[in-house]
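The values are calculated or read from the model by the stated rules, or taken from the named source; none is laboratory data. Keep in mind that this is a model prediction, so the values were computed, not measured. No Cβ is skipped: glycine too gets one built from the backbone with ideal geometry, and neighbour counts run over all protein chains shown. Note: accessible area is taken over every heavy atom of the protein model, side chains too, but ligands, DNA and RNA are not part of it. Shrake-Rupley method; radii C 1.70, N 1.55, O 1.52, S 1.80 Å.
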Amino acid sequence: MSQYPEHIDLKPVTHVEGVVRLPGSKSISNRVLLLAALAEGETKVVDLLDSDDTQVMLAALRKLGVEWKEEQANGGSTIHRVQGVNGQFPNRSADLFMGNAGTAIRPLTAALAVIGGDYTVHGVPRMHERPIGDLVDALNAVGANIEYTGNAGYPPLHIREGKFEAKRLSVRGNVSSQFLTALLMVAPLMAAEHAVTIEVEGELISKPYIEITLNLMRRFGVVVEQDEWKSFTIPSGVRYQSPGNIHVEGDASSASYFMAAGAIAGGPIRVEGVGRDSIQGDVRFVHALEQMGAQITMGDNWIEAKSSGPLKAIDADFNHIPDAAMTIAIAALYADGKSTLRNIASWRVKETDRIAAMATELRKLGAEVEEGPDYLCVTPPKVLNPATIDTYDDHRMAMCFSLASLDGAMRRGTEVRINDPKCVAKTFPDYFTAFANIAHEAKF
């Protein structure tokens with residue numbers, strides 16, 4: 001992984017062009033690792049994301065007795081060989097540090113509760129501010145034994161052996177889709193003798209992430225019966241079986257920064273590793289860029305974006321792509337009027353309170369910003385102010401605000417200092433190198 005200084009200074013960039021090979025998807029990587037661990041047989045995981053969040057999951061699995069090893073394949077790909085434990089972790093006691101990886105701590109907490117043992121689960125201070133109560137309540141209601149050792153509703157947790165009587169579970173859907181993902185992934189462990197149904201209370205947010213979960217479960221041999229987005233039933237007697245090989249496609253959220261760069265400052269920019277066949281909902285980000293006037297073309301495994309002039313303001317619901325929507329907030333700096341991002345309440349429980357953080361940093365650049373419980377309105381200034389951007393230990397803040405250095409059709413690019421750039425290691429350790437490679441006249 002690349003090493004970064006305390007800050008990076010980005011000069012105005014007049015034009016972007018090039019090809020970017022994306023790192024693997026974080027959402028797919030951590031789901032695949034847990035499914036491979038729970039399955040029967042060995043799984044060869046190709047092109048797993050190498051980042052802080054996946055390293056946290058790999059380390060936790062090793063502590064639980066799951067054997068895995070990393071190999072280099074021809075052509076530069078990596079292969080992780082994961083030996084499945086067939087639904088039973090060999091080590092029934094462990095102290096697990098989960099960093100700030102929501103995609104790791106939530107499903108793993110559910111798996112530990114169902115499999116049973118004596119485990120402590122904790123993370124960085126911000127993780128102890130990210131809610132997990134809806135998941136814990138759903139599990140404890142059917143016989144799990146999970147105790148909060150800090151503030152109720154949040155990690156750290158102490159998980160002991162429970163006594164499950166789980167035919168029907170219920171979980172709220174409006175805080176984080178990761179709670180439902182966690183229950184879905186472990187439901188086959190509860191369905192040995194009878195079917196298990198998971199009901200969703202209220203609106204389910206971030207549905208495309210549930211689609212990723214269901215798709216990957218099918219790859220491991222478990223087909224979930226779905227009643228729209230209201231309930232999900234796992235039939236009795238199913239078990240995870242290794243698919244043998246599974247390839248991790250490129251990260252669609254990471255693609256958003258480069259697609260936006262092409263839309264803002266010329267292009268064409270092509271990303272490789274994700275395309276029209278992606279199982280990730282965040283590829284829909286390109287439709288928002290098209291609404292703003294960008295030219296987008298897609299292949300099976302690539303997407304290309306270029307600019308056709310100043311971007312148009314947008315007013316849209318981004319509940320389905322909350323992570324990639326952050327990039328739209330930056331693209332709004334280059335639009336011809338006020339843009340409104342709606343239905344993004346989940347931003348407030350991410351790596352930081354992203355609505356508040358985005359509003360604060362956008363104002364530094366001179367934007368007029370209105371923030372609400374679940375929306376953000378951005379009116380661009382005529383010219384961007386030079387600014388020092390704080391990143392809140394949030395990888396997406398660092399990557400998003402690098403785009404403020406782009407001149408674009410309206411000549412708004414400015415000098416930007418990105419504090420704590422190393423936070424990109426969470427999902428894209430080499431981001432700033434990749435950005436420099438497409439940025440003409442970029443110097444830092």
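Remarks
- Failed item, numbered, when V124 is tested on (1) part of a helix (DSSP H, G or I); (2) surrounded by fewer than 19 Cβ atoms within 10 Å (Cβ to Cβ): (1)
- Filtering V200, V121 for residues that are under 21 Å from W347 (Cβ atoms), among the hydrophobic types (A, V, I, L, M, F, W, C) and free of Cβ contacts under 8 Å to residues at least 60 places away in the same chain leaves a single hit, V200.
- Of the residues making up region 208-226, those that are surrounded by fewer than 22 Cβ atoms within 10 Å (Cβ to Cβ) and under 18 Å from S170 (Cβ atoms) are V224, E225, Q226.
- Single condition N86 does not satisfy, out of (1) touching a strand residue (DSSP E or B) at 6+ places or on another chain (Cβ under 8 Å); (2) under 25 Å from G173 (Cβ atoms); (3) part of a loop (DSSP other than H, G, I, E, B): (2)
- Counted residues, region 97-121 - those being in a loop (DSSP other than H, G, I, E, B) and surrounded by fewer than 24 Cβ atoms within 10 Å (Cβ to Cβ): 3
- Residue identified as in contact with a Lys or Arg (Cβ under 7 Å, 6 or more places away or on another chain) and either open to solvent by 20 Å² or more (accessible area, probe 1.4 Å) or within 21 Å of S206 (Cα to Cα) (or both) among D277, D300: D300
- Some residue of region 190-207 being open to solvent by less than 40 Å² (accessible area, probe 1.4 Å), within 18 Å of N30 (Cα to Cα) and touching a Lys or Arg at 6+ places or on another chain (Cβ under 7 Å): no
- Candidate set: region 53-75, residues that are open to solvent by 30 Å² or more (accessible area, probe 1.4 Å) and closer than 23 Å to V124 by Cβ; chosen: the one nearest to the chain's Cα centre (by Cα): Q55
- The set of residues from region 151-177 being polar (S, T, N, Q) and part of a strand (DSSP E or B) comprises just one member, S170.
- Strands (runs of 3 or more DSSP E) completely within region 366-441 that count 1 or more residues being farther than 30 Å from T54 by Cα: 368-371, 375-379, 387-389
- Odd one out for V175 among (1) surrounded by fewer than 21 Cβ atoms within 10 Å (Cβ to Cβ); (2) β-branched (V, I, T); (3) touching a strand residue (DSSP E or B) at 6+ places or on another chain (Cβ under 9 Å): (3)
- Filter result (part of a helix (DSSP H, G or I), open to solvent by 20 Å² or more (accessible area, probe 1.4 Å) and without any contact (Cβ under 8 Å) to a residue 60 or more places away in the chain) within region 324-362: R348, A356, T360
- For region 331-366, filtered to residues that are in contact with a helix residue (DSSP H, G or I) (Cβ under 7 Å, 6 or more places away or on another chain) and of a type in the set (K, R), the residue that is farthest from H287 (Cα to Cα) is R348.
- Against the numbered list (1) farther than 19 Å from P243 by Cα; (2) of a type in the set (S, T, Y); (3) open to solvent by 10 Å² or more (accessible area, probe 1.4 Å), T78 comes up short only at (1).
- Of the candidates P243, P310, P268, the single residue that is open to solvent by 40 Å² or more (accessible area, probe 1.4 Å), at pLDDT 95 or above, within 21 Å of A439 (Cβ to Cβ) and not aromatic (F, W, Y) is P268.
- Region 364-402 - residue that is basic (K, R) and more than 13 Å from V416 (Cα to Cα) and, of those, farthest from the chain's Cα centre (by Cα): K382
- Test: G250 is out of contact with any helix residue (DSSP H, G or I) (no Cβ under 8 Å at 6 or more places or on another chain), within 22 Å of T213 (Cα to Cα) and surrounded by 24 or more Cβ atoms within 10 Å (Cβ to Cβ): yes
- Among the residues of region 29-82, those identified as out of contact with any strand residue (DSSP E or B) (no Cβ under 9 Å at 6 or more places or on another chain), more than 20 Å from F97 (Cα to Cα) and not polar (S, T, N, Q) are G75, G76.
- Of all residues in region 24-49, those that are farther than 17 Å from V274 by Cβ and of a type in the set (D, E, K, R) total 3.
- Scanning region 127-158 for residues that are surrounded by 15 or more Cβ atoms within 10 Å (Cβ to Cβ) and of a type in the set (V, I, T) gives I132, V136, V142, I146.
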